[in-house]
Every structure is written in C-alpha cells, then in structure tokens.
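Notes follow once the structure below has been shown.
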Amino acid sequence: MASNDGTIKYPPRKPTRRKNWWLMVSILLLVGLGTFIGLLTFVATDLPAFDPGQLSGTNTTLLYDDKGQVFSRLHAGENRTDIRLEKVPVELLDAFIATEDKEFYNHYGVNFKGIARALVRNFQTGDMTGQGASTITQQLARSSFLSSDKNWERKIKEMFIAFKLESVFSKEEIMELYLNKIYFGAGAYGVQAAANTYFGKDVSNLTLPESALLAGLVQSPNNYNPFTHLDKAKARQKMVLNSMASSGFINEAAASKAYDTPLNLVKSQNSMKYGYYMDAVVEEALDILAGIKGYENGDNAIYRGGLRIYTTVNAPLQAYAEEFYKNAANFPRDTSSGLKVQVGMAIVENNSGDVKAIMGGRQYEQRRGFNRATDAYRQPGSSIKPLTVYGPALEQGKMPFLVLDDSPISYKTSSGVWTPQNYDNKYKGLITMRPAVQYSINTYAVQLLDLIGTRKSFDFGRSLGLSLVDNPGTNDLNLAALALGGLTKGVTPLQMAGAYGSFGNAGIYNQPHFINKILDNNGLVIYEYKPQPKRVMTEQTAWLMNNMLQTVVSSGTGTNAKVPNVPTAGKTGTSEKITDVWFCGLTPVYSGAIWMGYDDQKYKMPDAYGGGSPALMFKAMMTKAHQGIKAGEWSMPGNIVQVSVCSKSGKIPSASCPHEQIITEYSLKDYVPTETCSLHQTIMICNESGELANKYCPDTSVFSGVKAGENSSEASKIPTEKCTLHTSFNLSVLSKNVVKICTDPRHKGQLYQANITKPTQSGGCPTIYVEEMVLPPGEHLPPCPLQDHQTKNVKAKDLLDKIIN
C-alpha cells in the first residue's frame, strides 16, 4: 500500500509455523530432560546395597513333604563350579560377545547407542517396558542385585550398578563373574556346570557348535533347553553362529559347518533322589513366581533365594516308586536293539488334587529334562471312554442297563467310510453298558457317543482337565477321537489321574498340583494354594461310573490291578496303533494313571496291553500308598435304586424272558424302566430244519429267542420261516412216542405234557398252546401245572344239556 509520501508500506510479517514448532520441541525437550533428571535422582536414592558377595552368593531353598518334613534342598551350589577365565575357550567368549554385547570392551557398563536403538524398537512395537540393550555388565548387575521386572525403573537401577561394577572390576573380572553366575537352564549355573550338564565335559573342551548353543541359552533357558526343545535350541544356535560371522569372529563357512554338526547331548545318570518330583515342583514354582512382583526371575529365586516350598509329595511313596521302576523285571523285555520301554506315572489324592508321587521315566536321567508324567502327551485309547463317553452318557440319563447291539457298524465320514472294530474282532450282540465297560467294547462306545453327541462329550472331557483340541480343520470333535482315544494332541498321566479322581470324589474335579505354600527367606508367605473344586458331574453319575469301573477290576480287562483289601476301580486302554498302553484307576483315597510305551512312537507294543504291566504297576503303587491308612468305602448316594431288567432289551422282563437273561442293575429313580420286554418269544422249532415247526414236524423243541436286526451279531435270532421239510403227516410217526405239550409262555421253556380234555371234561390247556412233540421211546413229561389249564369233570345234567343244545 502506498503512503502519502509515495513510499510503499508492507504489513508486519506473521510468525512462521517453523518457529512455533521449534519452540514446542524445545519445551518438550526441557520437560523430558527435567523428568529424566528427576527420575535418575529418585532411582539413585533407592539403589540396593552394593555387596560384592552377592555376585556369587546363594541361599538354599528347602522343599517340604506332605508331613512338613524337609525332603530335599535346592541351591545353585549343587550344580555350579567356578572356573578361571583362562579356561574358557575363545569360541565361547566370542559367542557371548557377538550375541549379548558386541561393544563389551568399548563401553563403561552401558551401551547408550544400544539403548537408543532399543528405545526406537520398543516405540515401534508399542512395548515400552524397557526390554533389550542390556550389556553383559548390566546382566550381571540384574542377576546379582535386582529382580527381572520389565520396567524402566529397574533398567535405570541396572545402569547405575553397572557403572559401579565397571569402576570396581576389570573387564576380564566382570566377564569371569558373569560366566560363573549366569543361568543356563536345567539347574546349571555357570559355564562349567552347563558344559557338564549338556555335554558331559569340562568347559575347556567345548567345541564351536557347543559354545554357540550354550551362548544362546541364557536369553531364555527354559525355552531353549535342548533336552526338551531341541528345535528351538538349534534355531537359537544358528542365530548365534550368524552373529559371530557378522562380527568377524568366524567366517560363514565355519558357521554353516558348526550348525550342521550333530550335537552329542548327554543324559548323565543322575541318581538324585526325588528327581522327577523335584523337577515338577520347580516348573510349577516358576509359573507361580512369575505372577508375584519381585520374583519374576523365578530360577534365581528358587536356586538362590532361600525359599521354603511346601509340596504335596508322599515321600515314602515317591521313594518306593523310584526303586520299583528301576527294576527291569517289572517291564517287558527290551527290543533286540536294546530299546527300553518307558513309563509315566502319577498318583493324586482324590479330595484335594495333591500329587503324591510321579515317575517321568524308569530312572531319573537329567535335571529338568523330559518328564513323561507331565510332558508326554500320548494317545489314551479306551482309557478315555469313562471320561468322554460313559460319564456324559450317565449325565444324560443313559443308565447302565441301556442295551445296544455290539455288531459290525460303519459311519460315513468326510474321508470315506469308517468301520470301528473291537480289539479282538469278536462281537457279543445285544449287551448293556456294564459289560461294554467291563470288556472294553468299541462298537458300543461309538454308538453311545453317537447318541449323546460329540459336543457334550467334548465339553465333559474338557471339564475334567483333558487337553482336547477344538481348532478349525483339526479338532477332537469326532467319534474316533472321543470314543476310542485317537486325539489330536493326547493326554498326560497327570491329566488322566486328575480326571479319574473325580469319580472317587463324588463328581468334583480338583486340578492336580505339587505346591501348597511358598515362604520367602524371612518366613513370610508369598503364595498359598487356594483350592478351586469344580463340580463336573452329579454325585450319582460319579458313583454309577465308579461302580461299573469296579467290575472292570473284579472280572474284566483290569483284574491285575486289584489292590488287596481296598475297593479298586479302573479302566485299561491301548491306542489304535498299539504304541501306547494305559491303566487308569482309583480307590476311595487316590487316583492314578500309568502309561507305558516307547519314546519313539514308530515302535509298537504288540504283546503289551493295559491289563498287563500297567495294571500290575498300579496295584503295586496303590498297595504301598494305602499302607497304614484306612481306604474306606464308596457309599451309594440317594436317588439310586436296584432294578431287574431283561439284559437283551433293558426293559421289565416278560414271561418269555429266560431266567439267565434277567439281571439286576442300578438306576436313578427317575429312569427306572416302565416298558415290558417285547424282544423275547417262546416258539416251537423243528429240530431237523431249524425253522418254525408246523403240526407235521415229528421232532420239535421249545425255544425262547430274541428279535434281532438282520445285521446283528445276536446269537439267538428267531426264525421267521416255517418248516418246509414236513408238509404232511408221516405214518412212521405212529411208531414214535408222540405227545402233546403245552407251550404257554409262563412255562419259560420248561416242557410239560398238555392237559387234554375228554368228552366228559372241560378246561385243559387251550388249543393255541397245544403242539405235538416226539419223545424218545418210554420218556414221559409231567402234566401242565398251571391252575387255569386243569381239566374238570362235567356233571351228567350239564353234559345232557350240552348234548341237547
């Protein structure tokens, strides 16, 4: 705009957005800096006391049995040997530096560039818990003085202590302390213990592949444990070797060769008492401590924290089990190649879920190694039937007298036609639930499961703690899995023992557990088990199932499991491919499960079965467990009555039902049968043709038969066709002893001569029940005794009236 004097005036320039942006950033930086300084000041005043003794010190953790007595101890010193740095191979040092702290020799305890990179990475992932970027010095500080909380306060404390360590110790001393302190899993602290635990050798003799594996363990010892997760351990080893190559310690060819070299892992013959049980306690303790603030580094707390862990173990029973399973005479013979049959066993208290004893193998071999009692997921075979077929069926009102036809059956599936078969390829025809359980009949179980539905069966099994799978495309929602035990994942002996315990605990399920209480080193309770009993079935269902399982032991497939003078129930099981055999059972006090098989599932056990060695082992364990205690009895709950039924129909017996086919069974009052059997018929059979007799048949007999389906295996099918061999009267019959018999159904197949009236008599056997029969010469039958079939003489007057009329 022009002014009066002709000069141009411009409007004042507005502040630019750039200037405002820098102002805002400056303010934020000042605020952030002030906050950071304040945080540093606060954390610096709350640092733990710097005690160099903690760099290698340890407190013993005590384990107590179910009587409150110390039965074992845990501390790092049990598996820890300090070594001098010069004994450590260069390859192992390089592996640690390449993986954990590439700038170890160039920083003063903290790698600020690494922290910056971790900040960016955490910001990008949204995880701002202060993970990553810990130097070797910081890791030593954390494992010696701090918890493993994932927060920035702990991270800052770690940095302060790292500076302190660097000011007191040389790099070589810090590395030596670190290698002797760090945890490698399987109870091994320090590289010397790790070398011995995993490879059975001194640390100085470690090779490059072995060094790379050990260096990879420290990030997550449990996840990378090669005894239990070899695939993960190898993947981690490969990452370490690649880091060594990229850092210039080795070339890529050496890295590739080291990765391809087989690892010779050792299983030292560790004779530690209660080894399998202690391992299970440690695993459960780790899960518990992970949820307690300040104890997130569970291994450190367990092996160094001086805890008091009160377990559920029955120490004498556990000791007995360890000796029993060492004895080769209790097992099938080894294969020709020396392969041993293995075992997994768990004994659980019914009313509490307390695990009293376990065995993860025939002999303890490796600390924190593979535990077959808790880690071996195997196919349960028929031992699953009470948990996924008969239990849920009873819940739906299917009583033990339910009759189904044990005959060949087929089902259409997405992959074709499935034809389940009995283990012996034999069939019994019409049977009730009790013999189906007693003799482990597959076709009955499949048909019953089809009646109740797989979803109800699946949910019932899940409620008992079974690891059933329900994923799209891969699940256990099918007849083969739930009726015959061909599961996607399988089950463990501990799961099966806990599930069977519900039948002995009035239908209440308790999660099996090893720990009841944990105290810290000052005697303060930091954890106490809180029972969470869950009713999964009615008391009546549990008792009925239990009662049928007792029949399995008394006179079925599990007779070898009978515990002397103790009520015993149970079920055998063999997987379809004969790779797994089971016995699962219970007494009024304990439940137990025994699995037997080979670790390598390609080997079968054709000569073994659940009623053999597993049942005998169950008997031995339970006999020991019940020494000095009263087992008691299972008392029948209310609303259960006894009923007499026809074993071929499951209904009230009719006059035609043979006496030997009438059984006494238990039932809920609401499901007592009200219909009368209509399957049995009493008929005359021609002995020559085997068909229905006609009046011309010379040789006949009374037959009580059952109506059965065309495809049934029922042995006593009723003929439907009349005899065609005899169509007219044969004069030769006159020379035979021909008598008239009464076939009234009330005779139940007993032969009686019919009462035939004379002209001067009335009454007698009705003609509809009168048939002719040929007897051997001279043989006679007693007359029909039925009161309404007797003859009476007619008075003369009545006879005269009858003739006139």
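The values are calculated or read from the model by the stated rules, or taken from the named source; none is laboratory data. This is a predicted model, so every value here is computed, not measured. All Cβ positions, glycine included, derive from the backbone under ideal geometry; neighbour counts span all protein chains shown. Protein only, heavy atoms only, side chains kept; ligands, DNA and RNA dropped before computing areas. Shrake-Rupley method; radii C 1.70, N 1.55, O 1.52, S 1.80 Å.
Things to note:
- Any hit, the stretch 497-507, residues being touching a strand residue (DSSP E or B) at 6+ places or on another chain (Cβ under 7 Å), farther than 16 Å from residue 381 by Cα, open to solvent by 20 Å² or more (accessible area, probe 1.4 Å) and not small (Gly, Ala, Ser): no
- For the stretch 318-348, the set of residues classified as charged (D, E, K, R) and open to solvent by 60 Å² or more (accessible area, probe 1.4 Å) consists of 323, 326, 333, 334, 340, listed by residue number.
- Every pair of residues 6+ apart whose Cβ atoms lie under 6 Å, when the first sits in the stretch 392-403 and is over 16 Å from residue 648 (Cβ atoms) while the second is at pLDDT 95 or above and in a loop (DSSP other than H, G, I, E, B): 395/537
- The criterion of being more than 20 Å from residue 282 (Cβ to Cβ), at pLDDT 90 or above and open to solvent by 60 Å² or more (accessible area, probe 1.4 Å) does not hold for residue 178.
- Residues considered: 494, 487, 482. Of these, the only one that is out of contact with any His (no Cβ under 7 Å at 6 or more places or on another chain), assigned to a loop (DSSP other than H, G, I, E, B) and surrounded by 17 or more Cβ atoms within 10 Å (Cβ to Cβ) is 487.
- The stretch 432-455 residues that are without any contact (Cβ under 8 Å) to a residue 24 or more places away in the chain and over 16 Å from residue 484 (Cβ atoms), paired with ones that are of a type in the set (Ser, Thr, Tyr) and crowded, with 24+ Cβ neighbours inside 10 Å (beta carbon under 7 Å, 6 or more apart): none
- Any hit, the stretch 188-202, residues being closer than 19 Å to residue 135 by Cβ and not in a loop (DSSP other than H, G, I, E, B): yes
- Of the residues making up the stretch 499-523, those that are part of a strand (DSSP E or B) and over 18 Å from the mean Cα position of the chain (by Cα) are 515, 516, 517, 518, 519.
- Pair list, Cβ < 6 Å and 6+ apart or interchain, from the stretch 141-169 residues that are assigned to a loop (DSSP other than H, G, I, E, B) to residues that are of a type in the set (Lys, Arg) and at pLDDT below 75: 146/154
- Restricting attention to the stretch 630-643, the residues that are within 30 Å of residue 703 (Cα to Cα) and surrounded by fewer than 13 Cβ atoms within 10 Å (Cβ to Cβ) total 1.
- Boolean, residue 754 is crowded, with 19+ Cβ neighbours inside 10 Å, modelled with pLDDT of 80 or more, farther than 30 Å from residue 429 by Cβ and hydrophobic (A, V, I, L, M, F, W, C): yes
- Whichever residue in the stretch 294-336 is in a strand (DSSP E or B) and within 29 Å of the chain's Cα centre (by Cα) and, among such residues, is farthest from residue 520 (Cα to Cα): 311
- Here residue 222 passes the criteria (1) assigned to a helix (DSSP H, G or I); (2) in contact (Cβ under 8 Å) with a residue 60 or more places away in the chain; (3) not small (Gly, Ala, Ser) except the one numbered (1).
- With respect to being assigned to a helix (DSSP H, G or I) and closer than 13 Å to residue 387 by Cβ, residue 459 fits the description.
- Restricting the stretch 625-649 to residues that are farther than 20 Å from residue 566 by Cα and polar (S, T, N, Q) leaves a set whose member that is nearest to the chain's Cα centre (by Cα) is 639.
To keep it simple, each residue is scored yes or no on (1) hydroxyl-bearing (Ser, Thr, Tyr); (2) at pLDDT below 85; (3) open to solvent by less than 30 Å² (accessible area, probe 1.4 Å); (4) within 30 Å of residue 547 (Cα to Cα).
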| residue | (1), (2), (3), (4) |
| --- | --- |
| 654 | yes, no, yes, yes |
| 663 | no, no, no, yes |
| 682 | yes, yes, no, no |
| 695 | no, yes, no, no |
| 700 | yes, yes, yes, no |
| 705 | no, yes, yes, no |
| 727 | yes, yes, no, no |
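- Which numbered condition residue 203 misses (of (1) at pLDDT 90 or above; (2) within 18 Å of residue 302 (Cα to Cα)): (2)
- Qualifying positions in the stretch 753-775 - in a strand (DSSP E or B) and either touching a Cys at 6+ places or on another chain (Cβ under 6 Å) or among the aromatic types (Phe, Trp, Tyr) (or both): none
- Of residues in the stretch 273-293 being touching a residue at least 40 places away in the same chain (Cβ under 8 Å), open to solvent by 40 Å² or more (accessible area, probe 1.4 Å) and not in a helix (DSSP H, G or I), the one nearest to residue 318 (Cα to Cα): 273
- For the residues 369, 360, 381, the requirement of being in contact with a helix residue (DSSP H, G or I) (Cβ under 6 Å, 6 or more places away or on another chain), open to solvent by less than 40 Å² (accessible area, probe 1.4 Å) and within 30 Å of residue 283 (Cβ to Cβ) singles out 360.
- Residues that are within 20 Å of residue 634 (Cα to Cα) and either open to solvent by less than 10 Å² (accessible area, probe 1.4 Å) or at pLDDT 95 or above (or both) occur at least once in the stretch 571-583.
- Being open to solvent by 70 Å² or more (accessible area, probe 1.4 Å) and within 25 Å of residue 659 (Cα to Cα) is a property that does not hold for residue 792.
- Extreme residue, surrounded by the fewest Cβ atoms within 10 Å (Cβ to Cβ), among residues of the stretch 614-629 that are at pLDDT 95 or above and not aliphatic (A, V, I, L, M): 627
- Residue match in the stretch 709-721 (condition: open to solvent by 30 Å² or more (accessible area, probe 1.4 Å), part of a loop (DSSP other than H, G, I, E, B) and modelled with pLDDT of 80 or more): yes
- Selection status of residue 611, open to solvent by less than 10 Å² (accessible area, probe 1.4 Å) and in a loop (DSSP other than H, G, I, E, B): yes
- The residue that is most open to solvent (accessible area, probe 1.4 Å), among those in the stretch 668-680 that are over 34 Å from the mean Cα position of the chain (by Cα) and modelled with pLDDT of 85 or more, is 674.
- Scanning the stretch 252-272 for residues that are open to solvent by less than 70 Å² (accessible area, probe 1.4 Å) and in a loop (DSSP other than H, G, I, E, B) gives 261, 263, 265, 266, 268, 270, 272.
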